[in-house]
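Okay, so here's the structure we're looking at.
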Amino acid sequence: MDRTRLRKPTTAETHALAVIVAGNFSNFKCLFLVTKIMDKEITKDSVFIETTIHASVEKVWEAWTEPSVIMKWFGSDPKGEVLSAKLDVRPRGSFEVTFKDSDQTEHTCNGIYNEIEKLSKLTFTWHWKSEPSVESFIVLLLTEEGKSTKMQFEHMNFGSGSKHNYVKGWESTFLKLEQLLGGNQTRTFINE
């Protein structure tokens, strides 16, 4: 499986997919799909989110790579806060972000950057401090679209043993990102 290249499915591929649910999920159109998409199997341990953020690619990149900006949006609880963010954004560099939910529960995630292509691509591993044996992988692609940025995000291989709800978590987290950057968004979820 190639974890570093995401692409939109062709029209034929889209029509060939079996749609299980098509509806609204927290005000965003969602499709829960089975079979193949983007030349890889979609499984229960992966989430793909594509969204258009009405902000420049430079602003979106900065939101993912500058600790002072991550402190303003990261974490799924709308009333939560980031306590610390350490980012060494370079191949084999590490990151660690600690945030606290409104119920005072603290979470720490960390990982190692794999690929970095400024303004367009980040790939990195992902671990929760509370689940040290679970390693997953994230691919983030950014594409400039006029004054907006198309963000393609895939979190894969988090396993069935994780206690985290990744769809809900990333949806809430990206809402905070979009609110910070001051724009509306168009979102498509594709996951199982």
Selected residue [crowded, with 20+ Cβ neighbours inside 10 Å, at pLDDT below 95 and in a strand (DSSP E or B)] from Ile138, Ile190: Ile190
Criterion: within 17 Å of the chain's Cα centre (by Cα), surrounded by 15 or more Cβ atoms within 10 Å (Cβ to Cβ) and touching a residue at least 40 places away in the same chain (Cβ under 8 Å) - qualifying residue of Phe153, Phe124: Phe153
Region 96-121: number of residues that are without any contact (Cβ under 8 Å) to a residue 60 or more places away in the chain, of a type outside the set (Val, Ile, Thr) and closer than 18 Å to Val57 by Cα: 2
Out of Glu50, Glu81, Glu66, sole residue that is at pLDDT 50 or above, crowded, with 16+ Cβ neighbours inside 10 Å and under 28 Å from Val134 (Cα atoms): Glu50
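So that you can scan it fast, the table gives a plain yes or no per residue for (1) over 22 Å from Phe158 (Cα atoms); (2) among the aromatic types (Phe, Trp, Tyr); (3) assigned to a strand (DSSP E or B):
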site: Pro78; (1), (2), (3): yes, no, no
site: Leu83; (1), (2), (3): yes, no, yes
site: Arg90; (1), (2), (3): yes, no, no
site: Val97; (1), (2), (3): no, no, yes
site: Gln104; (1), (2), (3): yes, no, no
site: Thr108; (1), (2), (3): no, no, yes
site: Tyr113; (1), (2), (3): no, yes, yes
site: Phe124; (1), (2), (3): no, yes, yes
Given (1) modelled with pLDDT under 90; (2) surrounded by fewer than 16 Cβ atoms within 10 Å (Cβ to Cβ); (3) touching a strand residue (DSSP E or B) at 6+ places or on another chain (Cβ under 8 Å); (4) within 21 Å of Met151 (Cα to Cα), index of the condition Glu115 fails: (1)
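The values are calculated or read from the model by the stated rules, or taken from the named source; none is laboratory data. All values reported here derive from a predicted model rather than from experimental measurement. Counting neighbours? That spans all protein chains shown, and the Cβs are built from the backbone with ideal geometry, glycine included.
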